[in-house]
Amino acid sequence: MRKEDCYFLGKITRRHGLSGNVILKLDTDQPKLYNKLESIFVEINGLLVPFFIEKSSWSKLDALNISFKNSSEALVDQSLGKNVYLPLSTLPPLSGKQFYYHEVIGFNILDEENNNCGAIMSVNDQTAQNYFITDLDGKEIVIPIIKDWIHEVNREEKYIKMQLPEGLMDVFLVPSKKDE
């Protein structure tokens, strides 16, 4: 399995108890979707290694207590602190104005007058306010992801139409590395 064909699910944070269980901290808005995981891919030394789950239970609202099938102490030790992935094919398809961040990379942002505000290069979801980073003619632009601003997501033509406040493009223009 290649990392490009997967999405980040969470991280194995620590051991739980003495029987070889681990805690998987999920990075998702909907943890209950992962109630019945059969397997996960753990990134070890740059490779995605399949781990098969014997049983799991909720440790907290966003953390699973997992027991692996045929696991050894060494295998559990190798998994600690590692990122966990699942295949993109396991995600339910979204429609309407909903989207996964990974699926909109490369989409153009259009304003209400169909002006191009740049192609999405990346999405920052590590801050209180998530935002798109777009490239418009070599300039990086930061566009906050606000649900009420999104009017249309067109997957066929690969664009997101947004109602952007006047002057936003000027305020959130970030000098590119070339300009420095």
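The table below lists the values:
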{"read-out": "Qualifying position, being without any contact (Cβ under 8 Å) to a residue 40 or more places away in the chain, surrounded by 11 or more Cβ atoms within 10 Å (Cβ to Cβ), of a type outside the set (A, V, I, L, M) and not in a loop (DSSP other than H, G, I, E, B), among Phe41, Phe52", "value": "Phe52"}
{"read-out": "Condition check for Gln126: over 17 Å from Leu164 (Cα atoms), without any contact (Cβ under 8 Å) to a residue 40 or more places away in the chain and exposed (fewer than 11 other Cβ atoms within 10 Å of the Cβ)", "value": "yes"}
{"read-out": "Every pair of residues 6+ apart whose Cβ atoms lie under 9 Å, when the first sits in segment 137-157 and is closer than 14 Å to Leu110 by Cα while the second is among the basic types (Lys, Arg) and part of a loop (DSSP other than H, G, I, E, B)", "value": "Ile150/Lys97; His151/Lys97; Glu152/Lys97; Val153/Lys97"}
{"read-out": "Selection status of Gly46, at positive phi, in contact with a helix residue (DSSP H, G or I) (Cβ under 7 Å, 6 or more places away or on another chain) and either free of Cβ contacts under 8 Å to residues at least 24 places away in the same chain or surrounded by 15 or more Cβ atoms within 10 Å (Cβ to Cβ) (or both)", "value": "no"}
{"read-out": "Matching residues in segment 68-94 - criterion: being of a type in the set (Val, Ile, Thr), under 18 Å from Lys3 (Cα atoms) and surrounded by 13 or more Cβ atoms within 10 Å (Cβ to Cβ)", "value": "Val84"}
{"read-out": "Residues that are within 13 Å of Arg14 (Cβ to Cβ) and among the basic types (Lys, Arg), drawn from segment 51-84", "value": "Lys60, Lys82"}
{"read-out": "Subset tally (residues that are assigned to a loop (DSSP other than H, G, I, E, B) and within 12 Å of the chain's Cα centre (by Cα)) for segment 82-104", "value": "3"}
{"read-out": "For Val123: the one exception among (1) out of contact with any helix residue (DSSP H, G or I) (no Cβ under 7 Å at 6 or more places or on another chain); (2) under 21 Å from Leu9 (Cα atoms); (3) not small (Gly, Ala, Ser)", "value": "(1)"}
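Conditions tested, residue by residue: (1) without any contact (Cβ under 8 Å) to a residue 40 or more places away in the chain; (2) part of a loop (DSSP other than H, G, I, E, B); (3) touching a strand residue (DSSP E or B) at 6+ places or on another chain (Cβ under 6 Å).
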{"residue": "Thr28", "(1), (2), (3)": "yes, yes, no"}
{"residue": "Ser57", "(1), (2), (3)": "yes, no, yes"}
{"residue": "Asn65", "(1), (2), (3)": "no, no, yes"}
{"residue": "Ser71", "(1), (2), (3)": "no, yes, no"}
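Bear in mind that the values in this text are calculations on the coordinates, not laboratory data. Owing to the predicted nature of the structure, the values given are computational and were not obtained by experimental measurement. No Cβ is skipped: glycine too gets one built from the backbone with ideal geometry, and neighbour counts run over all protein chains shown.
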